[in-house]
Amino acid sequence: MQLLKDRILKDGVVKKGNVLKVDSFLNHKMDIELFEEIGKEFKRRFADCNINKILTIEASGIGIACIVAQYFDNAPVVFAKKTQSINIDGEVYSTKIQSFTHNKIYDVIVSKKFLNKDDRVLIIDDFLANGCALEGLVELVKSSGATIEGIGIVIEKGFQRGGDIIREKGLRLESLAIVDSMDDEKGIVYFR
């Protein structure tokens with residue numbers, strides 16, 4: 001998606017440790033016009049799928065997933081929570097994930113009443129690096145008996161293993177921008 005790549009080149013910041021900061025338009029301050037185009041592009045790419053639910057993980061994926069849902073007949077958005085809270089009652093699907101960004105392991109949960117065997121799920125997230133969060137979401141969907149129709153990622157770090165791991169599982173993965181490498185000294189991002 002050229003619009004997204006152009007925005008990354010213009011406003012993204014490359015930091016040491018293979019960090020790409022896109023917080024000025026994607027995952028802190030959100031550019032809704034860009035999100036609208038992201039939603040349209042995911043609809044184009046998954047138009048052949050019969051999606052009735054969007055799944056993401058808190059927090060950065062929520063805004064994107066909500067905009068994307070509008071293009072799938074306002075399919076409900078469910079987000080996996082990283083903490084158990086008193087307002088989640090009943091049984092939950094649960095898994096553990098390791099966050100690349102926060103270098104922390106989270107218990108991730110989804111209430112069983114919001115994900116079931118009749119659901120045809122599109123998983124949406126902002127980044128794919130090592131694939132740990134995505135593998136956790138895949139595990140939650142499989143635990144529910146639902147069908148994974150596809151996975152939509154806004155930015156994939158193609159030089160890390162996450163995308164390969166997911167594709168090797170036979171899952172349909174569509175990434176709007178795949179970063180091949182980054183030069184933190186020059187602040188340059190290279191795309192596939």
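The values are calculated or read from the model by the stated rules, or taken from the named source; none is laboratory data. Keep in mind that what you see is a predicted model, and the values were worked out from it rather than measured. Glycine gets a Cβ as well: all are built from the backbone with ideal geometry, and neighbour counts include every protein chain shown.
Total residues in region 115-135 satisfying the condition of being in contact with a Phe, Trp or Tyr (Cβ under 8 Å, 6 or more places away or on another chain), over 18 Å from Gly39 (Cβ atoms) and modelled with pLDDT of 95 or more: the figure is 1. Taken over region 178-187, residues that are of a type in the set (Gly, Ala, Ser) and part of a loop (DSSP other than H, G, I, E, B) amount to 1. Contact map, region 18-37: residues that are free of Cβ contacts under 8 Å to residues at least 12 places away in the same chain paired with residues that are outside any helix (DSSP H, G or I) and aliphatic (A, V, I, L, M), Cβ distance under 6 Å, separation 6+ or inter-chain. Pairs shown: Lys21/Val13. Among the candidates Tyr106, Tyr93, the residue that is closer than 25 Å to Lys29 by Cβ and surrounded by fewer than 21 Cβ atoms within 10 Å (Cβ to Cβ) is uniquely Tyr106. Looking across region 128-147, just one residue is buried (at least 23 other Cβ atoms within 10 Å of the Cβ) and assigned to a strand (DSSP E or B), and that is Leu128.
Criterion applied to Ile51, Ile32, Ile62 was being hydrophobic (A, V, I, L, M, F, W, C) and touching a Leu at 6+ places or on another chain (Cβ under 9 Å), and the one residue passing it is Ile51. Among the residues of region 148-177, the one identified as part of a strand (DSSP E or B) and surrounded by fewer than 17 Cβ atoms within 10 Å (Cβ to Cβ) is Glu174.
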